[in-house]
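Data block below; observations after.
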Amino acid sequence: MNEAGDDQSARDVFRLDNDTLAFRFTATLTNRNGSRLERLTSPQRLELWLRANDLMNTTARATADDLRDAQDLRESIHRIGTAVCENRQASRADVAVVNTASELGGAHLVLHDGRALWKSTGGSPIHNALSIVAADAIAVLGGPDRDRVKACQGDGCTGLYVDTSRGSNRRWCSMNICGNKAKKSAMTARAD
């Protein structure tokens with residue numbers, strides 16, 4: 001695959017299964033507690049992720065600075081989310097990164113062909129898209145679902161998710177990925 005992702009779809013490159021946009025964004029870096037896997041490896045990969053999430057439908061091009069800003073935002077969101085999970089105060093620096101990213105954007109929702117889509121209104125389409133991710137993080141991490149934010153218990157994952165299960169007892173960010181791995185591992189351990 002080339003850096004632009006032309007040979008594979010975004011679904012082949014990224015985990016796009018999280019219902020929460022901000023946490024889907026934090027999943028562009030996985031295995032944080034093990035062999036880290038960075039999926040935002042280039043400005044083109046950032047563009048691919050933004051387009052796959054309907055945050056940018058223009059021909060705008062991301063720069064190396066945009067990529068650094070995106071990675072900084074992603075890590076701040078993840079650290080704040082982890083602090084929420086652990087019932088501790090997030091760092092002021094991380095909060096400032098997320099708040100600033102949210103403030104920099106100029107985008108609004110539009111209804112297009114029966115779907116809600118974000119439309120940029122001037123400025124940098126990349127910063128506008130990142131401001132949407134930041135605003136989503138703020139709404140989840142500071143809103144009524146705050147107490148439902150959890151970190152995945154899958155081996156090495158630490159992915160964030162909102163636990164919407166009836167008993168509030170969900171353990172994995174994705175049953176199809178981390179849940180299945182855990183169940184297979186448990187079955188193998190019992191068989192040994």
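Taking the Cα atoms of the stretch 68-129, the ratio Rg/Rh between the radius of gyration and the Kirkwood radius comes to 1.10.
Given 0.36 nm per residue, what is the gain on full extension from residue 64 to residue 38 after removing their alpha carbon distance, in nm? Don't jump to the answer; show the numbers that get you there.
Values: separation 26, 0.36 × 26 = 9.36 nm, distance 1.51 nm.
Between residue 64 and residue 38, full extension yields 7.8 nm more.
The H on the amide N of residue 107, modeled in the peptide plane, is under 5 Å from the matching H of 121, each at least 5 residues off or on a different chain.
Normalising by the residue count of the stretch 1-150, find the relative contact order in percent from Cα pairs under 8 Å and 6+ residues apart. Could the numbers behind the result be given before it?
On the way: 193 pairs, mean separation 34.4, N = 150.
Taking the mean separation of contacting Cα pairs over the length of the stretch 1-150, I get 23 percent.
Based on the mean of other Cβ atoms within 10 Å per residue, sort peptides 16-28, 109-121, 75-87 so the most packed one is first.
16-28, 75-87, 109-121
Hey, any idea what % of the stretch 1-87's accessible area is carbon plus sulfur with a 1.4 Å probe? Numbers along the way, then the final one.
Values: 1670 of 4170 Å².
Heavy-atom surface of the stretch 1-87 belonging to carbon and sulfur, 1.4 Å probe: 40 percent.
Helix 92-104 axis versus longest C-alpha principal axis of the chain: approximately 40°, rounded to the nearest ten. Cβ distances below 4.7 Å define possible disulfide partners, and in the chain the cysteines left without one are 85, 178. Averaged per residue, the chain has 56 square angstrom of accessible surface, using a 1.4 angstrom probe with ligands and nucleic acids left out.
Its Cα gyration tensor gives the chain an equivalent ellipsoid. The semi-axes, each the square root of 5 times an eigenvalue, are 28, 20, 16 Å from largest down. At a Förster radius of 30 Å, what calculated FRET efficiency corresponds to the Cβ-Cβ distance of residue 111 and residue 146, to the nearest 0.05? It comes to 0.60.
Need one number: the % of Cα-Cα pairs in the stretch 26-135 sitting beyond the 22 Å mark. Walk me through the numbers on the way to the answer.
Working: 2079 of 5995 pairs.
The share of Cα pairs beyond 22 Å in the stretch 26-135 comes to 35 percent.
The values are calculated or read from the model by the stated rules, or taken from the named source; none is laboratory data. Only a predicted model underlies this, so the values are computations on that prediction, with no experimental measurement involved. Counting neighbours? That spans all protein chains shown, and the Cβs are built from the backbone with ideal geometry, glycine included. The area values use the complete protein model at the heavy-atom level, side chains included, leaving out ligands, DNA and RNA. Shrake-Rupley method; radii C 1.70, N 1.55, O 1.52, S 1.80 Å.
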